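The values are calculated or read from the model by the stated rules, or taken from the named source; none is laboratory data. All values reported here derive from a predicted model rather than from experimental measurement. Cβ: placed from backbone, ideal geometry, glycine included. Neighbour counts: every protein chain shown.
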Amino acid sequence: MFGTLEKKLRPVLFFGNNPLSLIGGALTSAAAFVMIGFWVVTIFGHGGSQNPYLGLIFDLFLPGLFVLGLILIPIGIAMRRKQLVASGHVPSVYPEIDLKNPVFRRGIEVVIAATFINFVIVGTASYRGVSYMDSPNFCGQTCHVMAPQWAAYQVSPHSHVACVDCHIGSGISAAVQAKMNGTKQLVEVTFHTYPTPIRASLSVLRPARATCEQCHTPTRFVGDRLLVKTAFGDDEKNSVTRSVVVLHLGGVDSLSHLSGIHGHHLNHFEYIATDATDQNIISVKAHNADGTVTEYVSTDWKGPVKGVERVMDCMDCHNQATHVFQTPQAAVNEAMLDNSVNAALPFVHKEGLQLIQAEYSSHEEAAAKITSGLESYYSTQYPAVWSSQRPQIEASARTLVRIYQRNVFPSMKVKWGTYPNNIGHNDFPGCFRCHDGNHVSKSGKTLTNDCSVCHNLLAVDDKNPKVLTDLGMQ
Ligand code: HEC
Ligand code: HEC
Ligand code: HEC
Ligand code: HEC
Ligand code: HEC
């Protein structure tokens with residue numbers, strides 16, 4: 001039995017003893033070793049990476065090498081056979097498979113040596129690929145599609161938290177889902193079929209428990225927070241006004257009372273929205289301590305109240321804690337406050353806002369037109385200012401360009417306001433998605449819209465708020 005099998009194998013090994021087949025064999029075995037190595041690490045170690053783009057290495061690169069090696073073996077055999085047949089060197093009896101035969105032994109040695117070398121090369125390449133793909137640089141930069149989120153991430157308080165920490169869940173099903181997502185995205189990027197703008201959806205993120213709450217303690221009692229908002233006017237002097245708000249942030253106090261904004265949302269709430277970015281919330285359910293459920297339904301909604309229920313967590317309010325997209329007004333106010341847009345330039349608030357809100361087809365066009373627009377405004381309307389304060393004008397123009405390029409991405413159709421920020425209620429619906437005074441329960445209870453439940457307004461658009469003078473803040 002073994003004898004006949006050995007006889008059948010003899011010609012294969014005889015013709016297989018050629019450089020192409022040997023290299024093929026070595027490639028296949030090296031790729032197999034690396035794949036097995038990574039599987040062992042993923043299953044037993046915690047070094048296993050969850051990055052969705054690893055599909056590139058594990059589903060394409062390594063299996064590709066494995067198959068390439070398998071294809072090279074028969075090609076080498078066929079070529080050598082053809083060569084030997086042509087030159088009439090095919091033996092009538094194929095040499096025995098015998099380790100003592102030096103020719104045969106050298107073949108095996110070559111395969112072992114080549115396997116080892118390939119293993120080191122393929123292994124190092126894959127390992128480096130894994131580390132690279134896990135770095136924020138890869139997610140943010142390699143894929144220009146994410147340029148808007150990358151730009152916003154870099155200036156956020158979370159610029160040192162890895163993308164995968166928030167975006168990819170733990171556990172097998174999350175890993176598989178993320179991997180399929182990653183492969184789908186790669187296909188979309190390759191064939192340019194990705195959506196523009198990319199829609200931001202909370203449902204694909206890890207729950208806050210596994211991300212935010214690793215670093216922030218939701219139960220920490222924060223008490224009241226003083227919020228001062230400075231705004232500049234559209235008049236020649238760019239007049240300053242301030243709003244002063246005391247936010248009742250609360251938390252859990254020493255007596256375990258839930259209070260304020262944070263405290264009240266630590267309860268279990270579920271809501272249903274009709275759009276992917278959760279802007280139109282038609283119903284929200286509050287699970288009360290006594291086990292009952294109060295459902296508040298929007299009186300504006302006439303259709304059936306059904307859809308996917310989402311459990312409210314930190315990210316429903318702090319959806320932009322990482323990818324902060326500013327409003328043009330907020331961005332210019334902030335820049336004028338630190339004087340990177342010079343508040344002494346007449347009408348700079350009005351002109352600056354107009355320039356950054358105009359439509360441009362690319363970042364380059366925006367840079368050229370914002371700069372020339374501001375310069376020509378001062379050189380024609382205020383020649384004296386233009387000649388005496390040219391450096392300030394140029395610096396202000398540079399800041400305006402930076403503001404535009406950090407928030408607007410024509411190539412991805414990301415405009416001002418594309419990504420809503422849910423934290424307040426003045427620029428986007430935010431808190432008023434539920435607290436608009438139109439969400440009412442069956443028993444007639446309205447979800448509060450009372451200004452003072454959330455904050456005390458100490459000053460609104462006030463030129464000279466007395467409270468700030470009293471506090472020594474101006
Ligand atoms: C601290 C958590 C956190 C980190 C770190 C983080 N993100 Fe996000 N990301 C979010 C949240 C929350 C949203 C949803 C935003 C919204 O709904 O407006 C989001 C949305 C996105 C979106 C929009 C599409 C989608 O999948 O929802 C992209 C793209 C994105 N992030 C890429 C990145 C990249 C690239 C990095 C790393 C450079 C990164 N993120 C790091 C929390 C995070
Ligand atoms: C790896 C730790 C880490 C994770 C995870 C994390 N944060 Fe933070 N967060 C920080 C640190 C550190 C700061 C303070 C940064 C600073 O002051 O510059 C911060 C700041 C903040 C702030 C204050 C922002 C500001 O402008 O002052 C908010 C709000 C916040 N995080 C919410 C979140 C939310 C929501 C999540 C989940 C999506 C989250 N964080 C996940 C570490 C983390
Ligand atoms: C109902 C909306 C809402 C929810 C839910 C919420 N927050 Fe906040 N949070 C706010 C508001 C409003 C502020 C203060 C205003 C601001 O930061 O612009 C704030 C401020 C913060 C700050 C900065 C203030 C500080 O402590 O110094 C952190 C950090 C923070 N939240 C973390 C969290 C975490 C973690 C969760 C989830 C457990 C969470 N928040 C859930 C609305 C919310
Ligand atoms: C998804 C809907 C939803 C959103 C969005 C939302 N809330 Fe709430 N909020 C609720 C529900 C539900 C309650 C609890 C009502 C109850 O107890 O019956 C609540 C309660 C509160 C309370 C306590 C009210 C009271 O009567 O004492 C405050 C304060 C509050 N929310 C502030 C905010 C702020 C600030 C924001 C925005 C940053 C916000 N909420 C966004 C659903 C929401
Ligand atoms: C459900 C809670 C909630 C209710 C109700 C509410 N607000 Fe607010 N409001 C907020 C939060 C949160 C912020 C802070 C937003 C931020 O951090 O930027 C805010 C900020 C403001 C500001 C500061 C200016 C600005 O540009 O952000 C003003 C003014 C204001 N609210 C007015 C009102 C008035 C007037 C009412 C009553 C009709 C009201 N709010 C009701 C939550 C609420």
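Per-residue answers, yes or no, for (1) touching a Ser or Thr at 6+ places or on another chain (Cβ under 7 Å); (2) over 23 Å from GLY250 (Cα atoms); (3) surrounded by 15 or more Cβ atoms within 10 Å (Cβ to Cβ):
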{"site": "HIS435", "(1), (2), (3)": "yes, no, yes"}
{"site": "HIS439", "(1), (2), (3)": "yes, yes, yes"}
{"site": "LEU447", "(1), (2), (3)": "no, no, yes"}
{"site": "SER452", "(1), (2), (3)": "no, no, no"}
{"site": "LYS466", "(1), (2), (3)": "no, yes, no"}
{"site": "ASP470", "(1), (2), (3)": "no, yes, no"}
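Considering each residue of region 346-356 in turn, none proves to be of a type in the set (Gly, Ala, Ser), surrounded by fewer than 16 Cβ atoms within 10 Å (Cβ to Cβ), more than 29 Å from SER203 (Cβ to Cβ) and not assigned by TED's automatic domain parsing to the domain that holds ALA152. Being within 13 Å of ligand 3 (Cβ to nearest atom), closer than 30 Å to LYS302 by Cα and modelled with pLDDT under 95 is not true of ASN421. Of the residues making up region 247-258, those that are surrounded by fewer than 16 Cβ atoms within 10 Å (Cβ to Cβ) and touching a residue at least 12 places away in the same chain (Cβ under 8 Å) are ASP253, SER254. Quick check: is even one residue across region 272-282 buried (at least 17 other Cβ atoms within 10 Å of the Cβ), away from ligand 1 (no atom under 16 Å from the Cβ) and either small (Gly, Ala, Ser) or not assigned by TED's automatic domain parsing to the domain that holds ALA335 (or both)? Yes: one or more hits. Residue pairs whose Cβ atoms lie under 6 Å apart, sitting 6 or more positions apart in sequence or on different chains, and linking a residue in region 331-351 that is at positive phi to a partner that is of a type outside the set (Gly, Ala, Ser), are PHE347/GLU236. Can you tell me which of (1) of a type outside the set (Asp, Glu); (2) under 30 Å from HIS158 (Cα atoms); (3) assigned to a loop (DSSP other than H, G, I, E, B) is the one VAL245 doesn't meet? That leaves (3) as the condition not met. Each residue in region 400-421 was checked for being outside any loop (DSSP other than H, G, I, E, B), closer than 16 Å to THR327 by Cβ and among the hydroxyl-bearing types (Ser, Thr, Tyr), and 1 of them qualify. Note on region 228-251: residues that are in contact with a helix residue (DSSP H, G or I) (Cβ under 6 Å, 6 or more places away or on another chain), hydrophobic (A, V, I, L, M, F, W, C) and away from ligand 4 (no atom under 13 Å from the Cβ) amount to 3. Only residues that are of a type in the set (Lys, Arg) and within 17 Å of THR448 (Cα to Cα) were counted in region 267-314, giving 1.
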